[in-house]
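Structure first, commentary second.
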Amino acid sequence: MKPPLLLTALALLATAHAAEPPAPVLAPAPALASVQPVLKPTPVPPEVREQFKLAPFYQKHIGVGGLPIVGSAKLSDAALAECAWLVVQMLGHRPDLLAAMAKNGVRFAVMAHDEYTTDVPEHAHLKPPVYWDRRARGLGATPTALAVSAAEENLLSFPGDPYPREVIGIHEFAHAIHEMGLSKVDPTFDKRLKATYEKAMAAGLWKGTYAAVNRAEYWAEMVQVWFDNNAANDALHNDINTRDKLKTYDSDVSALCAEVFTELPWRYTKPATRTPADRAHLDGFDLAKAPHFRWRAAATPERPRISFDCAAGSVEFELTSTARDRLTQFLAQAHDGYFSGGSAEFSDGVLKIAPAERTPSGAPVPAGEGHWTIHLEKAPADAISAKVVKGARYMPKILSDKTARVQRIVRQN
């Protein structure tokens with residue numbers, strides 16, 4: 001998941017030098033575009049609903065090589081068609097991988113712009129909902145949660161899209177390809193990916209980025225880069241965000257991507273910039289009439305908890321203040337992404353947080369806003385105080401350089 005799963009901020013530990021990964025054994029490339037579905041949603045066919053045990057929540061369907069792309073009645077036809085089109089571009093020439101994922105029960109669920117992670121039946125169990133509904137606009141499929149998910153506003157570039165520089169669905173689908181497809185089609189792949197990841201870490205590549213968290217996130221990030229669809233130069237990424245750059249910077253993982261996807265020329269571009277032929281499945285969609293995406297609102301609890309995430313780790317704080325409006329204001333700014341890419345400085349029991357210049361959606365942070373002082377020891381009246389309730393072991397790493405770059409601050413309750 002982007003960043004992550006499950007939590008974005010895991011400790012980036014020093015890695016011992018790994019042996020050279022074995023040379024990949026390249027399978028013959030399947031015929032190009034061997035899967036060419038009709039990109040028009042229909043009601044979910046009864047046999048598909050039965051085979052995949054789909055919940056009544058799902059009312060729309062497009063099949064791609066046996067893999068169901070599904071959404072609720074609220075979802076626009078354009079969003080479902082766009083998701084299916086992306087699957088065809090990525091894996092239309094790999095019917096073996098599509099069939100393997102379908103055999104494993106995978107389905108691709110697309111959330112409407114006003115649906116959230118825990119509305120997806122396969123993800124309804126995630127706790128706490130307030131965290132997951134704000135944390136993710138897409139998750140990868142696992143053997144116990146068979147839906148890979150994406151979001152309408154991100155696929156179609158609605159105003160307010162919190163991830164305007166990347167398509168989260170490509171990242172999450174890459175997880176499904178790895179864990180639910182390649183694991184069956186090529187049992188050697190994960191071992192070779194692990195060796196490639198360890199070699200990259202030993203060489204100091206991807207330091208401080210989300211790609212360094214573990215080999216699963218490394219793969220998903222690399223797939224985004226392979227298709228020219230990753231953000232660059234922020235709290236989670238370096239400047240390697242295109243296939244051409246990847247081939248020079250990390251040639252070993254580039255070879256793995258070429259093995260799976262071949263050297264197809266397709267790169268992702270936003271719908272508005274495509275040729276008419278590549279927009280044909282979006283006939284009738286008018287971005288000017290698209291709604292504005294907004295996160296689900298949530299009331300402020302008496303003692304709110306937040307996850308403070310950065311590259312070195314994740315710490316959960318419980319906040320208190322005699323001035324409840326201050327807590328509400330701080331949580332609202334965290335909710336709007338003010339601190340994603342900002343900084344935090346710790347000294348004398350006080351954590352000083354400064355915002356990024358822009359939120360993840362690209363909106364500028366208003367001048368003078370987003371600067372907070374949080375007391376981890378004795379706090380003055382009306383100030384916000386914090387108690388570490390989880391992840392205390394990461395505090396020395398996070399604050400060892402006095403100033404830490406914040407990946408995000410997300411509510412936990």
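Values quoted throughout were computed directly from the atomic coordinates according to the rules given, and no laboratory measurement underlies them. Everything numeric here is computed off the predicted structure, so don't read it as measured data. Every residue, glycine among them, receives a Cβ derived from its backbone with ideal geometry; neighbour counts consider all protein chains shown.
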**Study point:** Size descriptor, Kirkwood hydrodynamic radius, that averages inverse alpha-carbon separations across the stretch 208-309, Å
**Key:** 16.9 Å
Exercise for review: Over the residues of the stretch 42-289, compute the C-alpha Rg and express it relative to 2.2 N^0.38 Å.
Suggested key: 0.97
**Study point:** Cα-based Lys pair tally, the stretch 270-413, threshold under 23 Å, eight or more apart or on separate chains
**Key:** 13
**Study point:** ALA277 paired with LYS245, simple spin-label distance in nm, labels 7 Å along Cα-to-beta-carbon
**Key:** 2.9 nm
Check your understanding: For the stretch 305-411, what is the charge dipole size about the Cα centre, in debye to the nearest 20, if Lys and Arg each add +1 at the Cβ and Asp and Glu each add -1 at the Cβ?
Key -> 300 debye
Exercise for review: Sticking with the crude label model, points 7 Å out along Cα→Cβ, report the distance from LYS352 to LYS378 in nm, one decimal please.
Suggested key: 2.1 nm
Review point. Efficiency by 1/(1 + (r/R0)^6): what FRET value for ASP190 and ALA367, r their Cβ-Cβ distance, R0 = 45 Å, to the nearest 0.05?
Key: 0.40
Point to revise | Semi-axis lengths, Å, the stretch 104-144, gyration tensor of Cα atoms, sqrt of 5 times eigenvalues | key: 17, 12, 8
Point to revise | Volume per residue of the C-alpha convex hull in the stretch 305-411, rounded to whole Å³ | key: 91 Å³
Practice item. Give the residue from PHE189, VAL365, PRO396 lying farthest towards the positive end of the charge dipole for the chain; charges sit on Cβ (+1 for Lys and Arg, -1 for Asp and Glu) and the dipole is referred to the Cα centre. Key: PRO396
Study note, to complete from the structure: The exposure ranking of TRP372, TRP219, fewest beta-carbon neighbours within 10 Å first, is TRP372, TRP219
Point to revise | DSSP-loop trypsin sites (Lys or Arg not before Pro) across the stretch 196-290, with at most 15 other Cβ within 10 angstrom | key: LYS207, ARG267, ARG274
**Study point:** Reachable lysines, given that their alpha-carbon falls under 28 Å from the alpha-carbon of LYS53 and they are not under 8 places away in the same chain
**Key:** LYS2, LYS40, LYS74, LYS103, LYS127, LYS184
Revision key, fill the gap. Toy charge model, Lys and Arg Cβ at +1, Asp and Glu Cβ at -1: the stretch 222-280 dipole around Cα centroid in debye, rounded to 20, equals 340 debye
Study note, to complete from the structure: Full extension between ASN104 and ARG165 adds, at 0.36 nm per residue less the Cα distance, a length in nm of 18.9 nm
Exercise for review: Counting other Cβ atoms within 10 Å, keep those with at most 14, restrict to DSSP loop, and tell me which trypsin sites (Lys or Arg not before Pro) in the stretch 294-336 are left.
Suggested key: ARG294
Check your understanding: What list of ³J(HN,Hα) couplings, whole Hz, do you get for the stretch 152-157 from phi and the Karplus terms 6.51, -1.76, 1.60, once you set θ to phi - 60° and write x for glycine and proline?
Key -> 4, 5, 7, 5, 10, 6
**Study point:** Footprinting exposure proxy for CYS257, CYS310, CYS83 (fewest neighbouring C-beta atoms within 10 Å first)
**Key:** CYS257, CYS310, CYS83
Point to revise | Residues MET222, MET101, MET395, MET180 arranged by fewest to most Cβ contacts within 10 Å | key: MET395, MET180, MET222, MET101
Check your understanding: What is the ratio of the Cα radius of gyration of the stretch 123-264 to 2.2 N^0.38 Å, where N is its residue count, to two decimals?
Key -> 1.05
Practice item. For every other residue with a beta carbon closer than 11 angstrom to the beta carbon of ASN233, add +1 if it is Lys or Arg and -1 if Asp or Glu, then tell me the sum. Key: -1
Study note, to complete from the structure: Expressed in angstrom and rounded, the centroid-to-centroid distance over alpha carbons for the stretch 252-269 and the stretch 174-233 is 13 Å
